[in-house]
Amino acid sequence: MGNKYLDGTALTIVIIGALNWALIGLFRFDLVAFIFGDMSWLSRIVYVIVGLCGLYLITFYMHLGNGRGDAA
């Protein structure tokens, strides 16, 4: 299945990233830039980590439909 700690951490980071995008879309407020500076090296690292976690979570598609109440 995978490392549950890594899965949970990646999912949490992506959810935080999604909430940041919601703030940007609704209020034009970038929380990451507010906390770490507008495109500072630290904010860029945060964006890269969120992106890498999102790419990692693509592997969750392989787990869809594997045994949890499927009608197969």
(request) Six or more apart or on different chains, Cβ under 7 Å: which pairs go from a residue in the range 54-68 that's open to solvent by less than 50 Å² (accessible area, probe 1.4 Å) to one that's at pLDDT 70 or above and part of a helix (DSSP H, G or I)? Could you list them? (result) 54/14; 57/10; 57/11; 57/14
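Across the range 25-45, what is the number of residues that are open to solvent by 50 Å² or more (accessible area, probe 1.4 Å) and on the phi < 0 side of the Ramachandran plot?
Number of matching residues: 13.
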(request) Could you check residue 48 against (1) closer than 17 Å to residue 15 by Cα; (2) open to solvent by less than 70 Å² (accessible area, probe 1.4 Å); (3) modelled with pLDDT of 95 or more and say which number it fails? (result) (2)
(request) Within the range 1-23, track down each residue that is surrounded by 12 or more Cβ atoms within 10 Å (Cβ to Cβ) and over 15 Å from the mean Cα position of the chain (by Cα). (result) 2
(message) Pull out all pairs, ordered by first then second residue, where Cβ-Cβ is under 7 Å, the residues are six or more apart or on different chains, the first lies in the range 19-38 and is farther than 18 Å from residue 51 by Cβ, and the second is part of a helix (DSSP H, G or I) and open to solvent by 40 Å² or more (accessible area, probe 1.4 Å).
(response) 29/23
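The values are calculated or read from the model by the stated rules, or taken from the named source; none is laboratory data. Just so we're clear, the structure is a prediction, and the values are computed from it rather than from any experiment. Positions of Cβ are generated from backbone atoms using ideal geometry, with glycine treated the same way; all protein chains shown enter the neighbour counts. Protein only, heavy atoms only, side chains kept; ligands, DNA and RNA dropped before computing areas. Shrake-Rupley method; radii C 1.70, N 1.55, O 1.52, S 1.80 Å.
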